[in-house]
Amino acid sequence: MTGASDEEFCAAAGARLAGLPGVVAVSLGGSRAAGTARADSDWDFAVYYRGAGFDPDSLRSLGWPGQIFPIGGWGGGVFNGGAWLTAGDRRVDVHYRDLDDVEYRLAEARAGRFGIERLMFHLAGVPTYIVVAELARHRVLHGDLPRPAYPPALRRAAAARWQADALATLDYARTGHAARGHLADTAGAIGVAACQAAHAVLAARGEWITNDKTLLDRAGLRGMDEILAGLTAEPESLAGAVARATARVSAPGIRGPGR
């Protein structure tokens, strides 16, 4: 597909993925779907299937070199696997999405229930409603997928939980690290708490997000950078940084609706 325009590539790649055995829908996500991509941005596709109907080995038929993981190969949980491939001069990520699990996560989100799982590149962990956010934000290329609005119950529950987690993270940083002069630990905790607070902000607004790249900016919390600038290992410096971060996380704009 070298030499094809972006739209031509997207159409051709989507069609080829949709033609794989067991695939019932394909969507485009990330910056390509949002219209914010750079020339070198990855192409993020999701293939939707049901149960045991999809075998990742079928991706080899595309002729795109790269690494193909089995279902569950990313440790299980809400991100159940994917592939890192190259199509000509384009980098392609393919995520596997079992519709049985997606429909369960959607029902849980509508009831205001979710979990938070550890996942690489997500500092505060990934909420299990991320697969619902993908349905809302991705561009559907083939098949039919639901396009859910942000459930009111999830807005309340997620905003409250994320803010509580942020405050607990900072409280432990104050007592467990800052007082001991642990610079790296304290700075790391502030970074994690900033991401947790950002999730609270976006949940309270009813705004979906699918990765950490724009999390702080969208939540208006990029100013947390200033708290970490010039930080030193003296307990007084660290305690002051934690106090400023706590004040920011406790601000009215962080709180969920009705709190």
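The values are calculated or read from the model by the stated rules, or taken from the named source; none is laboratory data. Since this is a predicted model, take the numbers as computed values, not measurements. Methodologically, a virtual Cβ is constructed for each residue, glycine included, from the backbone with ideal geometry; neighbour enumeration extends over all protein chains shown. The accessibility values were calculated without ligands, DNA or RNA, using every heavy atom of the protein model including side chains. Shrake-Rupley method; radii C 1.70, N 1.55, O 1.52, S 1.80 Å.
The figures follow:
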item: Principal-axis tilt of helix 152-172 within the chain, Cα atoms, nearest 10 degrees; result: 50 degrees
item: Stretch gain in nm, segment Ala243-Asp171, where the contour uses 0.36 nm per residue and the Cα spacing is subtracted; result: 25.0 nm
item: Accessible surface of segment 170-259, 1.4 Å probe, proportion on carbon and sulfur as whole %; result: 54 percent
item: Sequence-separation-based contact order of the chain, relative, with Cα cut under 8 Å and 6+ spacing, percent; result: 16 percent
item: Inter-label distance, nm, simple model (7 Å from Cα along the C-beta direction), Asp100/Arg139; result: 3.2 nm
item: Label-reachable residues, segment 102-121, where backbone N falls under 19 Å from a point 7 Å from Phe69's Cα toward its Cβ; result: 102, 115-121
item: Separation in nanometres of the label points that stand 7 Å from Cα toward Cβ, at Glu7 and Glu234; result: 6.1 nm
item: By average C-beta atoms within 10 angstrom, highest first, the peptides 207-218, 35-46; result: 207-218, 35-46
item: Degrees between helix 99-110 axis and first principal axis of the chain (Cα, 0 to 90, nearest 10); result: 30 degrees
item: Residue among Ser27, Ala197, Leu231 farthest towards the positive dipole end of the chain, charges placed on Cβ; result: Ala197
item: For segment 83-136, accessible area per residue (1.4 Å probe, heavy atoms of protein chains only), Å²; result: 44 Å²
item: Modelled FRET efficiency - R0 41 Å, Ser58 with Glu226, Cβ distances, 0.05 increments; result: 0.25
